[in-house]
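The values are calculated or read from the model by the stated rules, or taken from the named source; none is laboratory data. Nothing here was measured: the structure is a model prediction, and the numbers come from that model. So basically every Cβ, Gly included, is an ideal-geometry build from the backbone, and we count neighbours across all protein chains shown.
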Amino acid sequence: MHQATVPNRGADVPPTRPRRPFCTRTHPDAPGPRGAAPGTRVGVVRRDGGRPGPHTDPVTTDRTPAGALPPGGRLRVDPADPAVLHVEGEVDIDVVHTFAESLGVDEIGAGRALAAAGVQEVDLSRATFIDSSAIALLVSIAPHRRPERLRVRGASGAPLMTLQVTGLDSILELV
């Protein structure tokens, strides 16, 4: 019987390194930084210094036609129009968590609470970025709207692309 041999990879495996607050990329054919040899490890320092917080990509933080962006992002229901959830700026997990806490529920229960309060539409006209937690909020409202679909108004740029890539544009009514 033939027995497969596994080479000792201990010498080939580099030692583990502590996690760094920036991304690193290495490509064997890529030129190194400022005259360094090809294949040299290149560090890309995050603009926010590696701190957690709102998304800081310059493509998604341009000014909106409605005016300057609020720092971070905001979710709100206007008492004058309680059927609409307004999404503004860069909405990430911190924004959704804070909003859910203001409703007295966790992130999972926020959609149910909003649907019970009569939210029928989400206004994304002032949103510049939405992450998976904002998507989860939309998805958690949608089942409570059946047989009607949850209306999403004003989606453009990165938020619209996020809805299209995730396939939610087929579940939600984009207006």
For the list (1) aliphatic (A, V, I, L, M); (2) assigned to a helix (DSSP H, G or I); (3) in contact (Cβ under 8 Å) with a residue 12 or more places away in the chain, I need the number of the one condition that L85 fails. (2)
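Looking at the stretch 151-171, which of the residues that are outside any helix (DSSP H, G or I) and under 16 Å from the mean Cα position of the chain (by Cα) is farthest from E88 (Cα to Cα)?
In the first step, residues of the stretch 151-171 are kept if they are outside any helix (DSSP H, G or I); the result is 151-156, 167, 171.
This time we only want the ones that are under 16 Å from the mean Cα position of the chain (by Cα), so: 155-156, 167.
Numbers: A155: 11, S156: 12, G167: 22 Å.
Looking at residues that are outside any helix (DSSP H, G or I) and under 16 Å from the mean Cα position of the chain (by Cα), I get G167.
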Among the residues of the stretch 89-127, write down those that are under 19 Å from Q164 (Cα atoms) and either free of Cβ contacts under 8 Å to residues at least 24 places away in the same chain or of a type in the set (D, E, K, R) (or both). E90, D92, E121, D123, R126
When the stretch 115-150 is checked residue by residue, the ones that are closer than 24 Å to G72 by Cβ, part of a loop (DSSP other than H, G, I, E, B) and touching a Pro at 6+ places or on another chain (Cβ under 8 Å) are A117, V119
Could you check, for the stretch 95-103, whether at least one of its residues is surrounded by 15 or more Cβ atoms within 10 Å (Cβ to Cβ) and under 14 Å from the mean Cα position of the chain (by Cα)? yes
Evaluate the stretch 107-116: report whether one residue or more is under 16 Å from the mean Cα position of the chain (by Cα) and at pLDDT below 95. yes
